[in-house]
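These notes are about the structure you will find just below.
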Amino acid sequence: MKILVAVKRVIDYNVQVRVKEDGTGVVTDNVKMSTNPPDDNAIEEAVKIKEAGKAAEIVAVTVGEEKAQETVRKALAVGADRGIHIKVDGIVEPLAVSKILQKIADKEKPDLIFMGKQAIDDDCNQTGQMLAALLNWPQATFASKIEVKDKMLEVTREVDEGLETIEVNVPAIVTCDLRLNEPRYASLPNIMKAKKKPIEQINSSDLGIDTKPRIEQIKVEEPPKRKAGIKVANVAELVEKLKNEAKVI
Ligand code: AMP
């Protein structure tokens with residue numbers, strides 16, 4: 001079985017994101033970037049499946065500017081076999097990413113495509129679903145447990161009501177939740193070995209995909225500052241305020 005894993009380079013989750021003064025976006029210059037956290041879970045799961053002898057090859061793929069390659073390199077250091085970097089400058093929206101991944105899937109013919117459930121920069125939660133529609137493959141989103149069976153997967157999904165278990169036939173798209181596993185760290189020898197693993201670079205224009213944004217971003221602004229709370233003397237006062245001031249009961 002061959003597993004394709006989509007990894008996106010985003011602002012590191014520990015960074016306090018700042019809005020640009022002119023409101024055109026967020027500051028990314030000299031800001032630490034990392035792999036989108038659930039994409040690390042996606043890679044980890046693929047590596048575990050390969051270690052269990054149920055996958056033969058893992059291909060990590062990213063869409064983005066030159067530096068996005070770092071994300072693929074990290075995936076190679078934790079166990080992916082080779083990488084693909086589709087070069088696009090500027091913002092690439094989920095629809096364009098899924099059209100690009102569709103072309104890569106047509107070429108690579110993977111049995112499974114693993115992705116993160118959501119990118120923490122745009123919070124879209126769209127790319128996996130759109131890709132499933134474009135390929136006309138089954139999808140299992142928000143996976144917190146994956147069991148590989150013969151020609152199908154049993155996937156436990158995190159849903160609002162709790163957990164849902166479904167079966168999907170292969171080939172399938174799976175979007176991974178943070179609870180799926182504990183991503184491993186790359187060891188120094190493996191980081192060195194990853195430098196020798198191949199990364200194929202493709203220009204998005206060579207795939208014939210128009211990556212022009214379809215969404216016009218009008219303004220980015222900080223959320224309003226939270227007002228300080230108050231202390232109440234007793235439960236009666238709390239109930240009175242909830243009833244008459246907050247009007248929530
Ligand atoms: P989103 O729909 O933007 O929330 O992203 C969901 C998932 O799609 C991410 O966790 C990634 O696995 C994948 N993805 C989105 N954008 C990219 C990209 N530029 N390159 C590679 N994978 C991506």
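Does LYS107 count as within 11 Å of the ligand (Cβ to nearest atom) and of a type in the set (Lys, Arg)?
No; evaluated as a whole, the condition is false for this residue.
Before we move on, is ILE146 touching a strand residue (DSSP E or B) at 6+ places or on another chain (Cβ under 9 Å) and within 14 Å of the ligand (Cβ to nearest atom)?
No.
Kindly list the number of the only condition in (1) in a helix (DSSP H, G or I); (2) more than 8 Å from the ligand (Cβ to nearest atom) that fails for LEU101.
Among (1) in a helix (DSSP H, G or I); (2) more than 8 Å from the ligand (Cβ to nearest atom), the lone unmet condition for LEU101 is (2).
Would you check if PRO94 is on the phi < 0 side of the Ramachandran plot, near the ligand (Cβ under 8 Å from one of its atoms) and buried (at least 18 other Cβ atoms within 10 Å of the Cβ)?
yes
Just to be sure, is GLU45 in contact with a Leu (Cβ under 8 Å, 6 or more places away or on another chain) and either in contact (Cβ under 8 Å) with a residue 60 or more places away in the chain or in a loop (DSSP other than H, G, I, E, B) (or both)?
Yes.
From (1) among the aliphatic types (A, V, I, L, M); (2) part of a loop (DSSP other than H, G, I, E, B); (3) farther than 28 Å from VAL170 by Cα; (4) out of contact with any Lys or Arg (no Cβ under 6 Å at 6 or more places or on another chain), pick out the condition that doesn't hold for ALA80.
(3)
For (1) under 18 Å from VAL59 (Cα atoms); (2) among the aromatic types (Phe, Trp, Tyr); (3) touching a Phe, Trp or Tyr at 6+ places or on another chain (Cβ under 6 Å); (4) surrounded by 17 or more Cβ atoms within 10 Å (Cβ to Cβ), each residue gets a yes or a no:
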site	(1), (2), (3), (4)
GLN139	no, no, no, yes
VAL159	no, no, no, no
PRO171	yes, no, yes, yes
VAL174	yes, no, yes, yes
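Please state which one of ILE202, ILE215, ILE191 is within 30 Å of ALA75 (Cβ to Cβ), under 25 Å from the mean Cα position of the chain (by Cα) and part of a loop (DSSP other than H, G, I, E, B).
So the residue among ILE202, ILE215, ILE191 that is within 30 Å of ALA75 (Cβ to Cβ), under 25 Å from the mean Cα position of the chain (by Cα) and part of a loop (DSSP other than H, G, I, E, B) is ILE215.
Can you tell me which residue within region 141-152, out of those that are farther than 20 Å from PRO37 by Cα and touching a Leu at 6+ places or on another chain (Cβ under 9 Å), is surrounded by the most Cβ atoms within 10 Å (Cβ to Cβ)?
The qualifying residue surrounded by the most Cβ atoms within 10 Å (Cβ to Cβ) is VAL148.
When you go through (1) under 26 Å from ILE11 (Cα atoms); (2) modelled with pLDDT of 95 or more one by one for LYS107, which number turns out not to apply?
Single failed check for LYS107: (1).
Sort through LYS20, LYS67, LYS50 and tell me the only one that's surrounded by fewer than 17 Cβ atoms within 10 Å (Cβ to Cβ), over 29 Å from LEU207 (Cα atoms) and more than 9 Å from the ligand (Cβ to nearest atom).
Selected residue: LYS20, the only one of LYS20, LYS67, LYS50 that is surrounded by fewer than 17 Cβ atoms within 10 Å (Cβ to Cβ), over 29 Å from LEU207 (Cα atoms) and more than 9 Å from the ligand (Cβ to nearest atom).
The values are calculated or read from the model by the stated rules, or taken from the named source; none is laboratory data. Just so it is clear, the structure is predicted and the values come from calculations on it, not from any experiment. Neighbour counts run over all protein chains shown; Cβ positions are idealised from the backbone, glycine included.
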